[in-house]
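Inspection log for the structure reproduced underneath, given as structure tokens.
Read the figures in this text as sums done on the coordinates, not as results from a lab. Since the model is a prediction, treat every value here as computed from it, not as a measurement. Quick reminder, even Gly has a Cβ in these numbers, built from the backbone with ideal geometry, and neighbours come from all protein chains shown.
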Amino acid sequence: MLEIITSPISFFILLSLFFVGGIGSLFFLKNDKYANGWGSFFAIAGSLWGLIFSITAILTKSSLLFDLKTSVFSLFTLSFHIDLLSSFFVFVVSLIVLFCSIYGVGYIKHYYKKYNIGALGFFYNIFIASVILVVTSSNALFFLIFWEIMAVTSYFLIVYEKNDQDNVKAGFLYLVMTYIGTAFIILAFLLLFKYIGSFDFLVIKENIALVPAFIKNIIFVSAFIGFGLKAGIIPLHIWLPAAHPAAPSYVSAILSGVMIKTGIYMMVRLFLDILSPAPYWWGLVILVVGSISSLLGVLYALTEHDIKRLLAYHSIENIGIILLGLGSALTFYSLNLPALALLGLGAALFHTLNHAIFKALLFLSAGSVISQVHTRNMEEYGGLIKYMPQTAFFFLIGSIAISALPPFNGFFSEWLTYQALFQGINQMQFVTQWIFILAAGSLVFTGGLALACFVKAFAATFLARPRSEEVKHAKESPFSMRLGMGALALLTLLFGVFSGYVISLINTVSQSLSIFKNSASAVNISSNQSMTVSDGFSSISGMFIFLLLVVATFLVIFVFKKVINKTQKECKTNTWDCGTDLTPRAEITATGFSRSIILIFKGLLKPTIQNNIEYYDDQNRYLPKSRTITLSISNIYNTYFYQPIHIVINKLSVKAKTIQNGNIDLYITYIFVALMLALLVIL
């Protein structure tokens, strides 16, 4: 039975469920209810089958390798290699898509009679299938085809609410940046083909010694740019804060929790598997980029008051944290420290899983709020905990998890990342040691700033008094939306409490890579599920922390009820209002909360403050009628990176335009010269 589940037939059933869901949705273009039901049903069914398929493969350590060969051209061989690493990412995709699809059943209803539900179901299902094909394909040509299908379908999901021009612009930016990244990926694959003569990943891996070291470095840089752009590393991230908020919220959860992880998957596949052995400076570059992305990602999140853009910037931050684990793994392995490399890779994969869960939870919670208040501006929220208490609770759980507070899952994957960085500080020489020190320092700053950011986000959204009339008309989300959020909230707790068991499975996935054959991880899991690093260097137990917090909670409740309540007299009165009317104007806004932190980092963020004062008349300059203070942040990436590139390209384009003079004879000459050069290169 287990062999059938992990067979090619089972894999094709998995894909066919999504394709049937997508194609079938098109038959209900004129019936929103049936289109929603059909697309959601097959997405849920496909996700459940994907969970069964991937969990069985990991538990049984099964690997699936098969080809679909064509008789026309040998290069066009559709190869699939579903090893444990691929199965792990299929599991992540299926897990998030399952609960987002359940959530979507209720969420999609507010699009009825506004947009085409059948088209949404089509692109949604085909997008999911393409993501699964990306992480299972073993041929570069077909990988690129699936990569493009993923890009195109996600583009249509981003611009789904096409009546908003900002969404259309965000989709266009996403498409442009995606094709820039794809160009670098194609360059990397073409260089591999030039020296090895095959697009098959397994053949490339077996013959990687044929590639000169200098070319391997070019391939690394090209692949890191291409896949890093999809992951959203800084400064290649500019599409992400625009595109993720534009999509429907449950799609945003998948874009942030799943799609950007395809870039991480290919980095692990290429740098640790196919291109191995790698020079150790590759790992240091990834560490530096991870440090910058994590710190700047959370800093820019703090400046945001659009709740979905804030969450999008936190995706950049968490991709940076994942890269810290991956960079340390690559550095350790290149220095022949496989046990520590497994520690770093385990931290990266664990945080990949954890981030997918709590980020999806946060996007779904934000979507519930937006569907009721009809704005993404947190300054228009306030007091929603009274109207949407369950959504507030789920958002709070997600906020605790992403802030890396125990006993939730984010704490334990960041703890593992710290252990990898501490081992680097302990084991490395001077220059490398300082890179690890700075990486650990950036992670410390990132954790503190993330906590401050979500204090701001939760307080501005759910606490105090309503700051708009829409809030007063808000009501709790439908059951399917609450079910999707509640399940993810529960998973953040379970994956924290049972983190020892989860990391033991992730170690199995990591050790399945050929470079770690017969290598033991530096993380040992005891019978009570506690994790110990490097023979007692550090130890932690998710179960123990959970039980300790439960006991402490009951103790506080007991002391409060039995001791404090007997000695304290309860007194209810009005809130002190300083002699004025207590209105929402007296609240600390999201802008006011983050202003002090922004000013601390003003040298980096370049904030600008604009004061607008309106007076009653020109004669009285001492009694203003109103005063408005606007705090804005300069886009340093556009100013110092993209605008100079844009200027250079425009100048080159103007000069290149001179060769287009309308002379047909000259055009024929161009073609002749191009053909001669092509023949010389081929010969």
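Laid out as a table, the results:
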read-out	value
Lone unmet requirement of (1) farther than 26 Å from Ile292 by Cβ; (2) in a helix (DSSP H, G or I) for Ala348	(1)
Residue list for the range 15-29, filter: buried (at least 18 other Cβ atoms within 10 Å of the Cβ) and of a type in the set (S, T, N, Q)	Ser25
Among the residues listed as Tyr174, Tyr280, Tyr265, the single one being hydroxyl-bearing (Ser, Thr, Tyr), touching a residue at least 12 places away in the same chain (Cβ under 8 Å) and surrounded by fewer than 18 Cβ atoms within 10 Å (Cβ to Cβ)	Tyr280
Residue within the range 388-407 that is in contact with a Gly (Cβ under 9 Å, 6 or more places away or on another chain), β-branched (Val, Ile, Thr), assigned to a helix (DSSP H, G or I) and more than 20 Å from Ala487 (Cβ to Cβ) present	no
All positions within the range 276-314 that are in contact with a Lys or Arg (Cβ under 6 Å, 6 or more places away or on another chain) and either part of a helix (DSSP H, G or I) or not charged (D, E, K, R) (or both)	Ile307, Lys308
Single unsatisfied condition, Gly263 versus (1) in a helix (DSSP H, G or I); (2) of a type outside the set (A, V, I, L, M); (3) touching a Ser or Thr at 6+ places or on another chain (Cβ under 9 Å)	(3)
Set Ile58, Ile149: member being part of a helix (DSSP H, G or I), under 19 Å from Gly22 (Cα atoms) and of a type in the set (A, V, I, L, M)	Ile149
Filter result for Thr583 (under 30 Å from Thr60 (Cα atoms) and touching a residue at least 12 places away in the same chain (Cβ under 8 Å))	no
Number of the condition not met by Phe143 [criteria: (1) touching a residue at least 60 places away in the same chain (Cβ under 8 Å); (2) among the aromatic types (Phe, Trp, Tyr); (3) assigned to a helix (DSSP H, G or I)]	(1)
Single match in Ser534, Ser512, Ser530 (criterion: surrounded by 10 or more Cβ atoms within 10 Å (Cβ to Cβ), in contact with a strand residue (DSSP E or B) (Cβ under 6 Å, 6 or more places away or on another chain) and polar (S, T, N, Q))	Ser530
Leading residue by the ranking (farthest from Glu380 (Cα to Cα)) among those in the range 465-478 that are surrounded by fewer than 18 Cβ atoms within 10 Å (Cβ to Cβ) and in contact with a Gly (Cβ under 7 Å, 6 or more places away or on another chain)	Pro478
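Residue-by-condition table, conditions (1) closer than 22 Å to Val502 by Cβ; (2) surrounded by 24 or more Cβ atoms within 10 Å (Cβ to Cβ); (3) under 17 Å from the mean Cα position of the chain (by Cα):
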| site | (1), (2), (3) |
| --- | --- |
| Leu296 | no, yes, yes |
| Ile319 | yes, yes, yes |
| Gly325 | yes, yes, yes |
| Ala329 | yes, yes, no |
| Leu340 | yes, yes, no |
| Ala348 | yes, yes, yes |
| His355 | yes, yes, yes |
| Leu362 | yes, yes, yes |
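Every residue, every condition in (1) on the phi < 0 side of the Ramachandran plot; (2) in contact (Cβ under 8 Å) with a residue 60 or more places away in the chain; (3) hydrophobic (A, V, I, L, M, F, W, C), yes or no:
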{"residue": "Phe394", "(1), (2), (3)": "yes, yes, yes"}
{"residue": "Asn409", "(1), (2), (3)": "yes, yes, no"}
{"residue": "Tyr418", "(1), (2), (3)": "yes, no, no"}
{"residue": "Phe422", "(1), (2), (3)": "yes, yes, yes"}
{"residue": "Ala450", "(1), (2), (3)": "yes, yes, yes"}
{"residue": "Ser468", "(1), (2), (3)": "yes, yes, no"}
